[in-house]
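Participant: There's a structure below that I have some questions on.
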């Protein structure tokens, strides 16, 4: 038996020549078998087996070539701003996967990806370059980012089960501070530079009231290069911080000094321990995240306006049909068991809803944004 290459794509055999020839399209080989090698009966059996084998292979090849087209794989990318990327990825991934699964169909498969940049400037850059699709954040930060990136807000998120919230100004029960008019010359504890309820909203409110702020905000998008506050000891409080300003100006009745507690749960404790005269915290965090033993030692002396609890924006060049699909998916998320479970594990959210009137919703926020650009009194260092 010998083999020779032959560029054939079919099964061929002949019973009327000096040898039996089989051409296999799969192997591109021609097999020549002399008649004297095997008997006619065995030969017929061999022919049938080979024919069935080649037919089976050809059918599979035909199905592969003419069956369902291979799916296109796309990625839906969502995220927020946070220095704790791992924690946020774990929190956001189920939502990304849920959206991706709902958007997938017979021809297109979506994958969910979570992107957590550490700063607002990084998020602005991602949105400008169309490298993230959805951005979840509180209203002041959303307003700032959307203004710079062109992103479009389109949904409200009921984070922690509420649609809106506000900032509270808290002091110790024994404090002489009775109203906001007594804030001058005092020390206030904010949460973090990019927090709506813990910094941006109450800061704008205080500037509206005519106060000047003295501290540091170098990590904020609104930073103007203020140096970091340096403590003279292991415990941060108003007595061991160097508050002397570079321009030599003295504190007046309209100046408030501030520090960052970094975590919202630190603020009530810092006020109780005397590290700050005043603390700022959202009504939601004070009610649900503060121990009663701490809360009982505090009183509320003022509050800000209400603002939406959380929002979702999409990148400026996201295709309209994808915006519509995502909008529909998120609005219906609270209507099925899987969606409800994911919402509950996502900061105890309850649902998403459409923005009723963007101009009315963002009006007060946009009016306060210029106040955040006030050049703050710098701390000497």
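Read-outs: derived from the displayed coordinates by stated rules, not from any lab. In this text, all values refer to a predicted model and were calculated from it rather than measured experimentally. Cβ placement follows ideal geometry from the backbone for every residue including glycine, while neighbour counts extend to all protein chains displayed.
Participant: Using r as the Cβ-Cβ distance of residue 262 and residue 106, and R0 as 45 Å, what FRET efficiency do you calculate, to the nearest 0.05?
Facilitator: On the way: r = 49 Å, r/R0 = 1.08.
So the FRET efficiency works out to roughly 0.40.
Participant: In addition: Would you please put 164-172, 336-344, 118-126 in order of how densely packed they are, using the mean number of other Cβ atoms within 10 angstrom per residue and starting with the highest?
Facilitator: Details: 164-172: 22.1, 336-344: 14.8, 118-126: 18.3.
Peptide ranking by packing, descending: 164-172, 118-126, 336-344.
Participant: Turning to a different aspect of this structure: Ranking 302, 82 by Cβ neighbours within 10 Å, fewest first, what do you get? Numbers along the way, then the final one.
Facilitator: Numbers: 302 22, 82 18.
With the sparsest Cβ surroundings first, the list reads 82, 302.
Participant: How would 373, 319 line up from fewest to most surrounding beta-carbon atoms within 10 angstrom?
Facilitator: On the way: 373 11, 319 8.
Listed from fewest to most nearby Cβ atoms, that is 319, 373.
Participant: Percent of alpha carbon pairs in region 272-381 separated by more than 16 Å? Write out the running numbers ahead of the final one.
Facilitator: Details: 4576 of 5995 pairs.
So the pairs more than 16 Å apart make up 76 percent of the total in region 272-381.
Participant: To the nearest 0.05, how large is the calculated FRET efficiency for residue 253 and residue 292 if R₀ is 35 Å and r is the Cβ-Cβ distance?
Facilitator: Numbers: r = 35 Å, r/R0 = 1.00.
After rounding, the FRET efficiency stands at 0.50.
Participant: Another question about this same structure. For 316, 349, what's the fewest-to-most ordering of other Cβ within 10 Å of each Cβ?
Facilitator: On the way: 316 13, 349 22.
Going from least to most buried by this count: 316, 349.
Participant: Using the Cα atoms of region 60-214, I'd like the radius of gyration and the largest Cα-Cα distance, Dmax, both in angstrom.
Facilitator: Looking at region 60-214, its Cα Rg and Dmax stand at 22.4, 86 Å.
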